[in-house]
Amino acid sequence: MSGMNLSEAGTWTREDWTGFVGRLEIDGRMFVDGERRAAESGDTIDSVNPADGKKVASIARGGRADIDHAVRAARRAHANGVWGRKSPRERARIMFDWADRIEAAASEFSALDTIEMGRPIADMVEYDMPEVLTTIRFFAESIDKVTGTTTATDDSVLHYTLRQPIGVVGAISPWNYPLMMAMWKIAPALAAGNCVVLKPAEEASLSVLRAADLLREAGGPAGALNVISGVGEEAGKALGEHADVDKVSFTGSAAVGKELLRAAGDSNMKKLALECGGKSPQLFFADLPDLDTAVDAAIDGIFVNMGEVCNAGSRLLVERSIYDRFIEKFRERAAGRYVPGDPLDPGVRCGPLVDRSARDRVVGMMEGAEHEGAKKIFGETASESLTGGAYVEPTAYADVRPDMTIAREELFAPVAAIMPFDSEEEAIRIANDTIYGLAAGVWTSDLSRGHRCVRDLEAGTIWVNTFDDGDMTQPFGGWKQSGNSRDKCFESLLEYTQGKSAWIQL
Ligand code: NAD
């Protein structure tokens, strides 16, 4: 069985996927200046499958010298204009071709992310791959929609503005949606005409390395996209500190975001786009339109992708008059829905956490929550013996107080904190009582209340009577320590350009 495209993907069984993975030819070398190469040091990292603890591949452990090499390749490509000065239509043609090639190899990309970080294969096929393709195509379509303006000036002057590529863009991506998160950065950066050096997460680098091969096959010139795999403290840090990188676009933890801000200040004042963590609330008012729908959204909002989602709805605020019914429904409707299992089984929607250390950290936090007085009302145990895997039980705690650790810190796990409230004012106050501001959900039939919550909640995205929904037109990013920029949307393409004003005396 060879690879397959998306339309066939839904038909494969667990055995098909397991056999396919066994036959994959994996190349863990970096991609620099149009070709694969080992790290200059020769060092590698073991990529480990969190479902069974077995080694997947050796990945090149790029360091400062490799980052420097890649930045020089990107700078050269930028200066020569081999990418940024191509006509917009030609850049778009190459990007469309790139998307087609990724689509044709959808099974390979899906399998790589699943075996590296445990994302359920069904989610890869149904969600990540379509989203990756839409991302590339959306930004390819946008290339020739970037315009400048002419302004109303004195008759003796012509004034116009234009937008140009920034130059060399560094991208640093997380492991939770490995290919998709990387693509939210590299697709708009490339579409805007920049040359890119990407440092993917050390836990999951293989899919973006493979994507770089395919851009080259589609006609992407050497140096336009470089991928340096490696450890954050080494390759990531070197990229953040590099004096010839014009912008760094980062998705990851707030702690690393702050380090990058310092590195930008200490180096060349590079522009910085930060997409960081979250502790997103969902507010369930007693007048919500339909309890079953709302509870389903609460369950999916925290259990999907094992809760390893930046905008996971980890705080569920429920009006006291429906609190007991909500909990009862939660138990009833969550049962059997996210039973942990082998992520290569298309029937499984809950794989392991990304690695054993994440699992140990989360288990410790769950014990801490019980110690602080949270009441466990749901825990979905594994359907079979999953030895060696980094599995945790999807769990919900009720009677959580806003000051408990479980209500304040990002667990990045399938763990819900349910808490009661008595008034709209109190709900908004609890919801905003966080250092984060990525997203929030509101459930109500009262139109005015819905708009008031949109106005008062401190977050980049507010969903009303739905959660975790959207398309490529929707800006995605945070307030407060959730970040300072936006992914997706046409405006994110503009964030990879810089403005210029031309004032011409006639
Ligand atoms: P992380 O911050 O540990 O790592 C993210 C990336 O930064 C990785 O590539 C890592 O190698 C690199 N890195 C680590 N230390 C670095 C350093 N000192 N200098 C430069 N780079 C360094 O985060 P993670 O564990 O991979 O991802 C989880 C976090 O990402 C969560 O907080 C989550 O909420 C956040 N996230 C946010 C969004 C969003 O769009 N806002 C999306 C996905 C994930």
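The numbers here are math on the coordinates, done by the rules we state, and not lab data. Fair warning: this is a prediction, and the values are worked out from it, not measured in the lab. Please note: Cβ atoms are built from the backbone with ideal geometry, for glycine as well, and neighbour counts cover all protein chains shown.
Quick look at the numbers
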quantity	calculated
Protection proxy ranking of 408-415, 188-195, 308-315 - average other beta-carbon atoms within 10 Å, highest first	188-195, 308-315, 408-415
Computed E for Asp292/Asp46 - FRET, C-beta separation, R0 41 angstrom, nearest 0.05	0.35
Helix axis angle, 129-142 relative to the chain longest principal axis, alpha carbon, degrees	40 degrees
For the stretch 436-452, 3J(HN,Hα) per residue [Karplus equation, 6.51 cos²θ - 1.76 cosθ + 1.60, θ = phi - 60°, Hz, x = Gly/Pro]	9, x, 8, 7, 7, x, 10, 10, 7, 9, 8, 4, 5, 4, x, 5, 4
Mean-position separation - Cα centroids, the stretch 1-70 and the stretch 472-503, in angstrom	31 Å
Acute angle (nearest 10 degrees) that the helix 64-80 long axis makes with the longest principal axis of the chain, alpha-carbon atoms	50 degrees
Cα-derived Rg over Rh, computed across the stretch 428-474 with Rh taken as Kirkwood radius	0.96
Principal axis box of the stretch 384-456, alpha-carbon based, largest edge first, Å	51, 25, 23
For the chain, calculated [θ]222 nm from helices alone, where every DSSP H run of n ≥ 4 adds -39500 (n - 2.57)	-11500 deg cm²/dmol
P(r) histogram, all alpha-carbon pairs of the stretch 281-471 included - 5 Å bins from 0, percent	1, 8, 18, 21, 21, 15, 9, 4, 2, 0, 0
For peptides 291-299, 162-170, sequence by mean Cβ density within 10 Å, most packed first	162-170, 291-299
Dipole axis of the chain (+1 Lys, Arg; -1 Asp, Glu on Cβ), positive-most option in Thr251, Tyr496, Pro178	Tyr496
Hits among lysines - C-alpha to C-alpha of Lys488 under 29 Å, sequence gap 8 or more where chains match	Lys86, Lys145, Lys185, Lys199, Lys237, Lys247, Lys258, Lys270, Lys271, Lys279, Lys480, Lys500
Cβ crowding within 10 Å averaged over residues, with 416-425, 150-159, 66-75 ranked highest first	66-75, 416-425, 150-159
Dimensionless Rg ratio for the stretch 89-244, taking C-alpha atoms and the 2.2 N^0.38 Å reference	1.18
Phi to ³J(HN,Hα) by Karplus 6.51 cos²θ - 1.76 cosθ + 1.60 over the stretch 92-106, Hz, x for Gly, Pro	5, 4, 5, 5, 5, 4, 4, 4, 4, 5, 5, 4, 5, 10, 4
For Ile406, net neighbour charge (Lys/Arg +1, Asp/Glu -1) across residues whose Cβ lies under 15 Å away	-2
Where labels lie 7 Å past Cα in the beta-carbon direction, separation of Ser7 and Ala152 in nm	5.3 nm
Inter-label distance for Leu261 and Thr405, nm, one decimal - labels placed 7 Å from Cα along Cα-to-Cβ	2.5 nm
Where the Cα pairs of the stretch 215-366 fall when distances are cut into 10 Å bins, in %	9, 25, 26, 23, 14, 4, 0
Neighbourhood net charge (10 Å Cβ-Cβ; Lys/Arg +1, Asp/Glu -1) for Phe109	-3
Average Cα contact separation per residue, the chain, under 8 Å, 6 or more apart, as relative contact order %	18 percent
Cα-based radius of gyration of the chain once divided by 2.2 N^0.38 Å, which approximates compact folds	0.99
Check: the chain dipole with +1 on Lys, Arg Cβ and -1 on Asp, Glu Cβ, in debye	1540 debye
Computed Kirkwood radius, in angstrom, where 1/r is averaged over Cα pairs of the stretch 184-279	14.0 Å
Radius 14 Å from Cβ of Arg64, net charge of other residues (Lys, Arg +1; Asp, Glu -1)	-4
Zero-based 5 Å bins, Cα pair distances in the stretch 48-175, whole percents	2, 8, 11, 14, 15, 16, 14, 8, 5, 3, 2, 2, 1, 0, 0
Ascending count of other beta-carbon atoms within 10 Å, so fewest first, for Met30, Met366, Met269	Met269, Met366, Met30
